[in-house]
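Asker: Take this structure first; my questions come after.
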Amino acid sequence: MARRTAQKVCLIIIFIAISVFLLTLIMLTFWLFDSWNIQQETEQVIASTNLSTTPSSSDPSQSAGSDEEDTFNPYWDFRSTDYLTADFTNLKRQNPETVAWLNLPGTDINYPVTQHSDNSYYLNRSFNQSRNSAGWVFLDYRSQTFRDAKTYDANTIIYAHGRQDGSMFGSLKRIFTASWQSNPDNFLLRTSSPAANQIWQVFSIYRLADSNDYIQTSFPEPRMFEDFLSTISSRSLYDFHTPVSTSDRIITLSTCQDEHTKIVLHAKLVKSTAR
């Protein structure tokens, strides 16, 4: 009797193990299929988009909120840093919800940015709006940034999945490596929108567990924004020697490292030019 019971238990365990293996295999197959599709789509989008650089040597550096030069900020001298300019003709034709193009040196982040009426749609939709677990890069639905050449939220937030294959914001984790941090050119994030081109300077990078306190887009009182900037600056795992103030406008890149931990990058607007 005991032997039969042991055999049944053994069979049940084997059945569960096989079921788990098959389920994992199916999930992996779907993941790989979505990864292949997103890679093909990304290559097609980049190939069909005219990306160019526009010299900014003759364009005075601009801050979103202050005209004073910051002696602690070496990037006021980046007169030769080129703007990135994206042609939105084909992008808007492929997806009318395209609002900008985003590029972060030292990573594989070089994508058009979308925006929907909520923050869940592009978690499971690719750029062409087909179902895909890889999702796409998207702007917070509350944001007004990129609508015109002068409107910027206090905090502009862009999200994407942190894919293990490096797609979307999967390569954002490189910001914690010595090789990324040793090259100051990596600290200048560039965006392009139909209305303007922008250059943003990174001032804080960190990992954060179980908190979303950094995704506030507006601040009713200057003191609230001041406290917010102090908090996110103090979290940085690298000292960029780049102070920020309530007159600045910032951009935030956010992704998940795992179920509980976020990877976050903040940069401030230092140059912009209308198109």
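Asker: Could you give the alpha-carbon Rg of the range 134-239 over 2.2 N^0.38 Å, rounded to two decimals? Intermediate results must be reported in sequence, preceding the final value.
Answerer: Values: Rg = 14.8 Å, N = 106, 2.2 N^0.38 = 12.9 Å.
That works out to 1.15 for the range 134-239.
Asker: What's the center-to-center distance, using Cα atoms, between the range 214-248 and the range 155-185 in Å?
Answerer: Taking the Cα centre of each part, the range 214-248 and the range 155-185 sit 20 Å apart.
Asker: Please compute the volume of the convex hull spanned by the alpha-carbon atoms of the range 113-193 and report it per residue in Å³. Walk me through the numbers before you get to the answer.
Answerer: Numbers: hull volume 9.4 nm³, N = 81.
Spread over its residues, the Cα hull of the range 113-193 gives 115 Å³ apiece.
Asker: Can you list the lysines whose alpha carbon sits under 16 Å from that of K173, skipping same-chain ones fewer than 8 residues off?
Answerer: Within the straight-line cut-off, K173 pairs with K262.
Asker: Would you report the distance distribution of C-alpha pairs in the range 32-274 as whole percents per 5 angstrom bin, up to the bin with the largest distance?
Answerer: 1, 6, 14, 19, 21, 18, 12, 6, 2, 0, 0
Asker: Continuing with the same structure: Taking only C-alpha pairs under 8 Å that are 6+ residues apart, what is the relative contact order of the range 32-274 in percent? Intermediate results must be reported in sequence, preceding the final value.
Answerer: On the way: 507 pairs, mean separation 52.9, N = 243.
It rounds to 22 percent for the range 32-274.
Asker: Taking other Cβ within 10 Å of each residue's Cβ, how do R125, R275 sort, fewest first? Present the calculation step by step, with values, prior to reporting the outcome.
Answerer: Numbers: R125 21, R275 14.
Final ranking by Cβ density, sparse to dense: R275, R125.
Asker: Okay, next question. If each residue's Cβ is checked for other Cβ atoms within 10 Å, how do Y206, Y111 rank with the fewest at the top? Display every interim value, and only then the final one.
Answerer: On the way: Y206 19, Y111 23.
Fewest-to-most ranking of Y206, Y111: Y206, Y111.
Asker: As an exercise, use a Förster radius of 25 Å and the Cβ-Cβ distance of T217 and A47 to find the FRET efficiency, rounded to the nearest 0.05. All intermediate terms of the calculation are to be shown ahead of the outcome.
Answerer: Numbers: r = 33 Å, r/R0 = 1.33.
That gives a FRET efficiency of 0.15.
Throughout, read-outs are computed from the coordinates displayed, never taken from laboratory work. None of the values given here were measured: they were computed from a predicted structure. Quick reminder, even Gly has a Cβ in these numbers, built from the backbone with ideal geometry, and neighbours come from all protein chains shown.
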